[in-house]
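Take a look at the structure below.
The values are calculated or read from the model by the stated rules, or taken from the named source; none is laboratory data. Only a predicted model underlies this, so the values are computations on that prediction, with no experimental measurement involved. Methodologically, a virtual Cβ is constructed for each residue, glycine included, from the backbone with ideal geometry; neighbour enumeration extends over all protein chains shown. These area figures cover heavy atoms from the full protein model, side chains too; ligands, DNA and RNA do not enter into them. Shrake-Rupley method; radii C 1.70, N 1.55, O 1.52, S 1.80 Å.
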Amino acid sequence: MIDRPQRETQSYQHPPTGVLLAQRAFAAFLDTGSHADLGDTAKVETSVRSTLSALSADDRNSLDRWLALQLIGHDGTETTRRLNALTHIDAWLSAAVRTQLPRVAQELMQAELMQPTRVRVAERIAA
């Protein structure tokens, strides 16, 4: 027979961490665009802001990198548009993501997952 604390541990599902919740919120934010109505956009922005305010400094650093990875695959114009939208949410976060873009692009290029031209685009956006 399993004692009670062990049974509770086995059946307990850990909730998503703050970073996972933020990633979900920001994924919805990045997916909203000009096709979304203002009500939906406002709801998503509110969700993103509240999720962001709950993150620790370490979690925000993880989120910076994750957002850079999400944006790096887009062309320069789209990445800039999304960064501008992110600035509307949190200017510090947008600046941190801009800083991450060249680093992430360089890492992806070294891993042969990105072409050198994309690295130059990321560097121009970060400047």
Q: Mind grabbing the accessible area of Ser62 for me, 1.4 Å probe, Å², rounded to tens?
A: 60 Å²
Q. Tell me, what HN-Hα J-couplings in whole Hz come from the Karplus equation 6.51 cos²θ - 1.76 cosθ + 1.60 at θ = phi - 60° for each residue of segment 111-127, using x for Gly and Pro?
A. 7, 6, 10, 8, 7, x, 5, 5, 5, 5, 4, 4, 5, 5, 5, 6, 6
Q. Residues with beta-carbon under 14 Å from that of Leu69, excluding Leu69: net charge, scoring Lys, Arg +1 and Asp, Glu -1?
A. +3
Q. Counting only protein chains, not ligands or nucleic acids, how are Met109, Met114 ordered by accessible area (probe 1.4 Å), most first?
A. Met109, Met114
Q) Classify segment 43-101: rounded, prolate or oblate, from the alpha-carbon gyration tensor (a ≥ b ≥ c, eigenvalue square roots; a/c under 1.5 rounded; otherwise prolate if a/b is larger than b/c)? A) oblate
(Q) If you take every residue apart from Val121 with its C-beta less than 11 Å away from the C-beta of Val121, what net charge results, scoring Lys and Arg +1 and Asp and Glu -1? (A) 0
Q. How do Leu69, Leu55, Leu63 rank by accessible surface area computed with a 1.4 Å probe, from largest to smallest?
A. Leu69, Leu55, Leu63
